[in-house]
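The values are calculated or read from the model by the stated rules, or taken from the named source; none is laboratory data. Everything numeric here is computed off the predicted structure, so don't read it as measured data. We place every Cβ from the backbone using ideal geometry, glycine too, and count neighbours over all the protein chains shown.
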Amino acid sequence: GNSVTQMEGPVTLSEEAFLTINCTYTATGYPSLFWYVQYPGEGLQLLLKATKADDKGSNKGFEATYRKETTSFHLEKGSVQVSDSAVYFCALYDNFNKFYFGSGTKLNVKP
Amino acid sequence: DGGITQSPKYLFRKEGQNVTLSCEQNLNHDAMYWYRQDPGQGLRLIYYSQIVNDFQKGDIAEGYSVSREKKESFPLTVTSAQKNPTAFYLCASSIGGIETQYFGPGTRLLVL
């Protein structure tokens with residue numbers, strides 16, 4: 001079946017540090033891949049997405065590349081800010097109206 | 001402004017009581033979803049609906065019920081059969097067949 005696995009948190013970084021949050025997936029066919037961000041007490045917001053292999057999604061300095069050969073979609077940012085502190089979810093869409101979410105990775109950025 | 005609204009923000013349930021969580025969208029999306037989120041965990045799918053008057057069970061449908069009488073509305077009822085209802089409930093919608101989901105702000109359900 002389809003599934004998403006992402007690294008456990010929390011991840012604690014100092015401001016301006018480089019961020020990587022790992023995400024791997026298992027899927028049949030050719031899913032679309034997403035990163036969502038959740039701030040405390042709020043719903044999820046779409047951060048970026050990629051719909052086919054080798055696509056790179058990017059937004060607000062965050063990037064992720066759809067790697068079919070390694071079934072991965074790792075999230076990266078070159079220089080994190082305190083305001084990036086949140087929970088990040090990796091997700092896939094199976095093209096049959098179902099979404100699968102990872103368990104979330106909490107990011108804490110210290111000044 | 002287009003978006004998804006959920007109400008109430010906080011909801012308290014007494015033992016044996018059914019409660020209904022509201023979800024409304026004005027994005028003209030065909031598909032709507034309900035997820036449950038427990039502390040420190042990911043999202044688990046409760047129910048989803050691809051079109052009006054049709055819905056399917058997700059992974060944890062027991063103790064929940066839904067209706068989809070209008071395109072813009074997808075209320076979730078937490079019944080007395082749900083023994084551990086305390087959680088954060090998220091509603092989402094998407095254009096059917098096109099993948100991005102948009103989420104509401106969530107409802108936190110607590111048991112008195």
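Annotations for the structure displayed:
- For residue A:6, the test of being under 24 Å from residue B:91 (Cβ atoms), surrounded by 21 or more Cβ atoms within 10 Å (Cβ to Cβ) and within 13 Å of the chain's Cα centre (by Cα) is passed.
- Within the stretch A:43-50, none of the residues are over 12 Å from the mean Cα position of the chain (by Cα) and surrounded by fewer than 19 Cβ atoms within 10 Å (Cβ to Cβ).
- Test: residue in the stretch A:6-13 that is away from every other protein chain (no Cβ under 14 Å), charged (D, E, K, R) and more than 29 Å from residue B:3 (Cβ to Cβ): no
Okay, residues lined up against (1) buried (at least 19 other Cβ atoms within 10 Å of the Cβ); (2) at positive phi; (3) within 10 Å of chain A (Cβ to nearest Cβ):
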site: B:23; (1), (2), (3): yes, no, no
site: B:27; (1), (2), (3): no, no, no
site: B:30; (1), (2), (3): no, no, yes
site: B:49; (1), (2), (3): yes, no, yes
site: B:62; (1), (2), (3): no, no, no
site: B:66; (1), (2), (3): yes, no, no
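- The residues of the stretch A:11-48 that are closer than 12 Å to residue A:86 by Cβ and among the β-branched types (Val, Ile, Thr), listed by number, are A:11, A:21, A:37.
- Residue ID - farthest from residue B:20 (Cα to Cα), chosen from residues in the stretch B:46-78 that are touching a Ser or Thr at 6+ places or on another chain (Cβ under 6 Å) and among the hydroxyl-bearing types (Ser, Thr, Tyr): B:65
- Contact map, the stretch A:26-45: residues that are at negative phi and within 9 Å of another protein chain (Cβ to nearest Cβ) paired with residues that are of a type in the set (Lys, Arg) and surrounded by 12 or more Cβ atoms within 10 Å (Cβ to Cβ), Cβ distance under 7 Å, separation 6+ or inter-chain. Pairs shown: A:32/A:49; A:34/A:49.
- Any chance residue A:97 is within 30 Å of residue B:109 (Cα to Cα) and at pLDDT 95 or above: no
- Residue B:8 surrounded by 12 or more Cβ atoms within 10 Å (Cβ to Cβ), within 14 Å of another protein chain (Cβ to nearest Cβ), under 23 Å from residue B:112 (Cβ atoms) and at pLDDT below 95: yes
- Selection of the stretch A:1-47 for residues being touching a strand residue (DSSP E or B) at 6+ places or on another chain (Cβ under 8 Å) and of a type in the set (Ser, Thr, Tyr) yields A:3, A:5, A:12, A:14, A:20, A:24, A:25, A:26, A:32, A:36, A:39.
- Within the set A:52, A:68, A:77, the sole residue that is within 14 Å of chain B (Cβ to nearest Cβ) and out of contact with any Cys (no Cβ under 8 Å at 6 or more places or on another chain) turns out to be A:52.
- Residues in the stretch A:17-52 that are in a loop (DSSP other than H, G, I, E, B), within 23 Å of residue B:36 (Cβ to Cβ) and touching a Ser or Thr at 6+ places or on another chain (Cβ under 8 Å): A:27 alone.
- Against the test of being modelled with pLDDT of 95 or more and more than 30 Å from residue B:8 (Cα to Cα), the options A:53, A:27, A:64, A:86 yield a single qualifying residue, A:64.
- Where residue A:79 falls short, out of the listed (1) part of a loop (DSSP other than H, G, I, E, B); (2) over 17 Å from residue A:13 (Cα atoms); (3) not aliphatic (A, V, I, L, M): (2)
- For residue B:80: the one exception among (1) among the polar types (S, T, N, Q); (2) in contact with a Gly (Cβ under 6 Å, 6 or more places away or on another chain); (3) part of a strand (DSSP E or B): (3)
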